[in-house]
Amino acid sequence: GKKLGFTFNNRNLHNVSLGQGQEVVAEQALDLAAKEGHWVILQNIHLVAKWLSSLEKKLEQHSEGSHQDFRVFISAEPAPSPESHIIPQGILENSIKITNEAPTGMQANLHRALDNFSQDTLEMCSHEKEFRSILFALCYFHAVVAERRRFGPQGWNRPYPFTSGDLSISVSVLHNYLQASSKVPYDDLRYLVGEIMYGGHITDDWDRRLCRTYLEEFIKPEMMEGELLLAPGFPLPGNMDYNGYHQYIDEALPPESPYLYGLHPNAELGFLTQSSEQLLHTLLELQPRDSSTGEGGVGTREETVKDLLEEMLEKLSDEFNMAELMAKVEQRTPYAVVALQECERMNILTREIKRSLLELELGLKGELTMTSDMESLQNALFLDMVPESWGRRSYPSTANLGTWFTDLLARINELDTWTGDFSLPSTVWLGGFFNPQSILTAIMQTTARKNKWPLDRMALQCDVTKKSREDFASPPREGAYVHGLFMEGARWDAQAGLITDARLKELTPAMPVLFIRAIPADKQDTRGMYPCPLYKTRQRGPTYVWTFNLKTKDNPAKWVLAGVALLLQV
């Protein structure tokens, strides 16, 4: 207060934390403060969205005739998306706005994590060496999990609001446990921090595995023997004072790179590429939407859309005749059922594409009145985006419209070939299914029926072959050969038959053909295996399909931290 030219004591500072019916208290505080020249702090106004219009009127009312020392300070959490912005424009326009930006980069994050503590904190535990070592490791862990978000889905499947409060509580728990025990309870600490303090935010099982793996690497007995590397070239420091730790960060921390997080440098290339594409796409959307493309243009917007529309209608084949296909199936095997289900879903999608394109064609000719749906479709076609009504009936995809439509035609062709005689293709294009889980489940069902095994006690075994799709002329006797998979975060060494480090700038190398077969779950060999998640797209998260065990010579933890996954589309 003195720095700003004001003095105050507790009697003329009103601090109101909103929520749970505190709106009336806030209004009374504002009225009193405006009259007496007090300060009012309104915290968490994002929790009282309906009251904000009343707050705007109240502030406008006190903007004139109030005491010259009257001030209002407002705080709110950042909105998760532009649609969630709820603070009235009047309040924003008449305020001095201050944002508390999170630090960027490992060095800034690590310093900020350590700033939550002091020399007094380091001296408060009787097990001083253990306490200081684990505290620094927790600071590094906090910096890693906070900054890893910038790598998108390869960093975390979903973004989480980790805060300095999580770190402070974890250190308090550490202090209490060390004071109460003669030995360091590593397992208990990892569980409390990974499953409760930080894990309480985490909703995705694969993200929970990642969080758990970081703690297994950072908090273990080796840290007391001076053998622990928090990152390549960055060992856990010995016993230092508070300023010494800050100095150690400045002097010893390697330059910023994905290696500090356990990731491959390709992770940054992929993230920056996607960010650039998103920026360019946004710029494209901001183009004027008048009918002409201007001087030197290649024609009007309507002409461009009309040409594309006609081309798509011409290339799109007829719907699958379901009655005819049903009659052709002699035995409804699990594979035949999958083929029929895929045909039904493809019909729903192609029916909507044809209906909407024909409707737009009539609208462009002036034979129908243009509706908002038709305008949205026209804009999507012009901007090379998959229209919303198609996307709702489609499969997850991050591709632009041109790539998506080519992929759609390939899927139709694949189904057409398969339903010719309903015999399993020599190699199955796993990415070509609306529901890839269905064909994997069908493999288990077929084997279970043949061998009379209980389905709930079976698992899929994945053997990576050394061959490509063209090398197979017929399907295997049991299971299926599948192709069309890609690996992100690493690559498959076909000669050695192992996961190995990715080559620089090869973001998603293709996998050889996989041989998938069903075996009893208790016969699975999990030694020297990395349980690798399979996703439909690079967005990961909700597009999860299955888990395949892949051979590795390295510790599987390396691939967990690197965010290694198999993808069906890139």
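Quick check on my filter: what residues within the range 143-185 are out of contact with any Phe, Trp or Tyr (no Cβ under 6 Å at 6 or more places or on another chain), in contact (Cβ under 8 Å) with a residue 40 or more places away in the chain and outside any helix (DSSP H, G or I)?
Those that are out of contact with any Phe, Trp or Tyr (no Cβ under 6 Å at 6 or more places or on another chain), in contact (Cβ under 8 Å) with a residue 40 or more places away in the chain and outside any helix (DSSP H, G or I): G155, W156, R158, Y160, P161, V184.
Looking at (1) under 20 Å from F434 (Cα atoms); (2) within 17 Å of the chain's Cα centre (by Cα); (3) surrounded by 17 or more Cβ atoms within 10 Å (Cβ to Cβ), find the lone condition where G563 falls short.
(1)
Among L230, L260, which is closer than 15 Å to S133 by Cβ and in contact with a helix residue (DSSP H, G or I) (Cβ under 9 Å, 6 or more places away or on another chain)?
Details: L260 fails: closer than 15 Å to S133 by Cβ.
After ruling out the rest, the residue left standing is L230.
Could you check the range 398-440 and list, in sequence order, the residues that are closer than 30 Å to L286 by Cα, touching a Ser or Thr at 6+ places or on another chain (Cβ under 8 Å) and surrounded by fewer than 18 Cβ atoms within 10 Å (Cβ to Cβ)?
T398, D407
Suppose we filter S397, S426 for residues that are within 23 Å of the chain's Cα centre (by Cα), polar (S, T, N, Q) and assigned to a loop (DSSP other than H, G, I, E, B); which single one remains?
S397
Out of I74, I86, I134, which single residue is assigned by the TED database to the domain that holds V173, of a type in the set (V, I, T) and under 32 Å from the mean Cα position of the chain (by Cα)?
Numbers: I74 fails: assigned by the TED database to the domain that holds V173; I86 fails: assigned by the TED database to the domain that holds V173.
Exactly one residue qualifies, and that residue is I134.
Name every residue in the range 459-489 that is within 30 Å of the chain's Cα centre (by Cα) and assigned to a strand (DSSP E or B), in order of residue number. Break it down stepwise before answering.
At the first step, the residues of the range 459-489 found to be within 30 Å of the chain's Cα centre (by Cα) are 459-464, 481-489.
Correct list: A459, L460, Q461, C462, D463, V464, Y481, V482, H483, F486, M487, E488.
Here is a yes/no grid of residues against (1) part of a helix (DSSP H, G or I); (2) charged (D, E, K, R); (3) out of contact with any Cys (no Cβ under 6 Å at 6 or more places or on another chain); (4) touching a residue at least 12 places away in the same chain (Cβ under 8 Å):
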site: S63; (1), (2), (3), (4): no, no, yes, yes
site: H67; (1), (2), (3), (4): no, no, yes, yes
site: L92; (1), (2), (3), (4): yes, no, yes, no
site: S95; (1), (2), (3), (4): no, no, yes, yes
site: I98; (1), (2), (3), (4): no, no, yes, no
site: A108; (1), (2), (3), (4): yes, no, yes, no
site: M124; (1), (2), (3), (4): no, no, yes, yes
site: K129; (1), (2), (3), (4): yes, yes, yes, yes
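Is the range 351-361 home to any residue that is within 14 Å of L316 (Cβ to Cβ) and among the small types (G, A, S)?
For the range 351-361, residues within 14 Å of L316 (Cβ to Cβ) and among the small types (G, A, S): present.
Here's the yes/no breakdown for (1) aliphatic (A, V, I, L, M); (2) open to solvent by 10 Å² or more (accessible area, probe 1.4 Å):
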{"position": "L167", "(1), (2)": "yes, no"}
{"position": "V173", "(1), (2)": "yes, yes"}
{"position": "D188", "(1), (2)": "no, yes"}
{"position": "V193", "(1), (2)": "yes, no"}
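Name the pairs: first residue in the range 365-380 and on the phi > 0 side of the Ramachandran plot, second residue surrounded by 16 or more Cβ atoms within 10 Å (Cβ to Cβ) and in a helix (DSSP H, G or I), Cβ to Cβ under 8 Å, at least 6 apart or on different chains?
none
The values are calculated or read from the model by the stated rules, or taken from the named source; none is laboratory data. All figures in this text were calculated on a predicted structure; none of them were measured in a lab. When we count neighbours, we look across all protein chains shown, and the Cβ atoms used for this are built from the backbone with ideal geometry, even at glycine. The accessibility values were calculated without ligands, DNA or RNA, using every heavy atom of the protein model including side chains. Shrake-Rupley method; radii C 1.70, N 1.55, O 1.52, S 1.80 Å.
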